[in-house]
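The values are calculated or read from the model by the stated rules, or taken from the named source; none is laboratory data. Only a predicted model underlies this, so the values are computations on that prediction, with no experimental measurement involved. Please note: Cβ atoms are built from the backbone with ideal geometry, for glycine as well, and neighbour counts cover all protein chains shown.
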Amino acid sequence: MKKVAILANGGDVSGFNAVIRGIVKTAENNGIKCYGVIEGYKGLLENNYIELDSYSNASGILYKGGSIIGSSTNANVFNYKVEEDGKIVYKDLSDICVKNVKKDGFDCIFTLGGDGTQKSARDLYLKGLNIIGVPKTIDNDVACTDITFGYNTAVSVAMEALDRLHSTGETHHRIMVLEVMGRYAGWIALESAIAGGGDVALIPEIPFDLKKVAKKIKERIKKGKRFSLVVVAEGAMPKDGEITVKSTRNNGTGVDNTKLGGIGEKVAEELQKLTGLEARNTTLGYMQRGGTPTAYDRVLSTKYGAKAMELALEGKFGVLTVLKNGKLDSVPLEKVVGKNKEIGAVSGNTKESNLRRVTMDDDLVKTARNIGISLGD
């Protein structure tokens, strides 16, 4: 093994650069040259990459948010948007990526990303590329691993927001609603509610009844607590209701074209009517994605990066680096993909997707119920 490349794909998270650094340093210690593909799968298609060096462009990046090699959120190379004769069409350009990698002589491609990124990684592995995935996403919904890098930082940001909303809510006797990210998994909402002293956590896995939430808030009022903190995951939905979609884009089939958002405002408006307390919504949005990673994410990302390069040296390809029961390991990308076997179908939230969602027997759910957090059911 002489030459490897790193590809960062999907939404940015804190820890991208720490993984890159972990791979680069481990590669250099083994006499291997390391390169960065610019802007994810888009760069793989365009054959756009740079050499990475821990003494120059990959130096001093441990604490930086984002990705020094960029990322792409809509580059599905198996169904890529191109313009022909003034019309937009979608084509499978994955073979171009395979030819580029082989022509450039890369012995392994490291794919840093979530479920969609790893689905494409599995598909490219089937086309003959040596691939090793690293699980990234603030949503913490990648299958087969206990935690993804970027998640801990997102939870910490949400927790700090709740700390600040707590003082405002208590001062003005208001219901303070915080809408957080997480797509179709409630990990951020649930853990930040526990860490930030939330009174209610509404997550996608448990359709909610706002009358029951209002009852919880009224009980607090009777006990002298004339304010409440409500955390709402962007993918949460009412019983017999639908998920709240902010907008829909057109990036072709195989990707999730829905942009979630707006449920926090709806919850605030309805709770104000049901309880008589003023309610205010704060949508945390992209604040959760960027900025300096926590110490936990720095260490986790470095461990993931070093382990990924270790797997490459061992010749173990077509796998995802994972953390299971506190120990680093790997699982086949085929297992991560689950039933999502169709080539080119990269996104989650389908019956075939193997997303890691909150289960009712999870310790976080049990803890939330034990300390009196309402889950809206």
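Go through the stretch 157-183 residue by residue and tally those that are surrounded by fewer than 24 Cβ atoms within 10 Å (Cβ to Cβ) and modelled with pLDDT under 95. The total comes to 0.
In this structure, is residue 256 on the phi > 0 side of the Ramachandran plot and either touching a strand residue (DSSP E or B) at 6+ places or on another chain (Cβ under 9 Å) or in a loop (DSSP other than H, G, I, E, B) (or both)? When the stated conditions are applied, residue 256 does not pass them.
Of the residues making up the stretch 243-281, just one is surrounded by 17 or more Cβ atoms within 10 Å (Cβ to Cβ), at pLDDT 90 or above, over 22 Å from residue 214 (Cβ atoms) and not small (Gly, Ala, Ser), namely 260. Identify the residue in the stretch 39-57 that is touching a residue at least 12 places away in the same chain (Cβ under 8 Å) and assigned to a loop (DSSP other than H, G, I, E, B) and, among all such residues, is nearest to residue 68 (Cα to Cα). My answer is 39. The set of residues in the stretch 282-304 being buried (at least 16 other Cβ atoms within 10 Å of the Cβ), among the polar types (S, T, N, Q) and outside any helix (DSSP H, G or I) consists of 282, 283, 294.
Looking across the stretch 336-354 at every residue that is of a type in the set (Val, Ile, Thr) and modelled with pLDDT under 80, the one that is nearest to residue 76 (Cα to Cα) is identified as 346.
Counting just the residues of the stretch 227-242 that are on the phi < 0 side of the Ramachandran plot and surrounded by fewer than 16 Cβ atoms within 10 Å (Cβ to Cβ), which one comes out nearest to the chain's Cα centre (by Cα)?
The first filter runs over the stretch 227-242 and keeps only residues on the phi < 0 side of the Ramachandran plot, leaving 227-239, 241-242.
When the remaining residues are screened for being surrounded by fewer than 16 Cβ atoms within 10 Å (Cβ to Cβ), the result is 239, 241-242.
Working: 239: 25, 241: 25, 242: 22 Å.
For the stretch 227-242, the residue satisfying everything is 242.
So, residue 75, is that one touching a residue at least 24 places away in the same chain (Cβ under 8 Å), among the small types (Gly, Ala, Ser) and farther than 20 Å from residue 321 by Cβ or not? Here the answer is yes, as residue 75 does meet what is asked.
With a requirement of 1 or more residues that are touching a residue at least 40 places away in the same chain (Cβ under 8 Å), within 29 Å of residue 72 (Cβ to Cβ) and of a type outside the set (D, E, K, R), the helices (runs of 4 or more DSSP H) lying completely within the stretch 131-244 that satisfy it span 151-172, 187-195.
Yes/no matrix, rows are residues, columns are (1) modelled with pLDDT under 95; (2) farther than 21 Å from residue 139 by Cβ; (3) not aromatic (Phe, Trp, Tyr):
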| site | (1), (2), (3) |
| --- | --- |
| 283 | no, no, yes |
| 288 | yes, no, yes |
| 291 | yes, no, yes |
| 296 | no, no, no |
| 299 | no, no, yes |
| 305 | no, no, yes |
| 308 | no, no, yes |
| 313 | no, yes, yes |
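Quick check, is residue 345 farther than 28 Å from residue 175 by Cβ, among the hydrophobic types (A, V, I, L, M, F, W, C) and surrounded by 19 or more Cβ atoms within 10 Å (Cβ to Cβ)? Judged against the criteria, residue 345 is a match.
Filtering the stretch 56-91 to residues that are at pLDDT 95 or above and out of contact with any helix residue (DSSP H, G or I) (no Cβ under 8 Å at 6 or more places or on another chain) leaves 56, 57, 59, 60.
Restricting 22, 31, 60, 36 to those that are more than 18 Å from the chain's Cα centre (by Cα) and in a helix (DSSP H, G or I) reduces the list to 22. Number of residues in the stretch 277-329 that are over 21 Å from the mean Cα position of the chain (by Cα), closer than 30 Å to residue 266 by Cβ and small (Gly, Ala, Ser): the value is 1.
To keep it simple, each residue is scored yes or no on (1) part of a strand (DSSP E or B); (2) closer than 30 Å to residue 313 by Cα; (3) more than 20 Å from the chain's Cα centre (by Cα).
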| position | (1), (2), (3) |
| --- | --- |
| 334 | no, yes, no |
| 343 | no, yes, yes |
| 351 | no, no, no |
| 356 | no, yes, no |
| 359 | no, no, no |
| 366 | no, no, yes |
| 377 | no, no, yes |
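Being hydrophobic (A, V, I, L, M, F, W, C), assigned to a helix (DSSP H, G or I) and not assigned by TED's automatic domain parsing to the domain that holds residue 229 is a property that residue 320 lacks.
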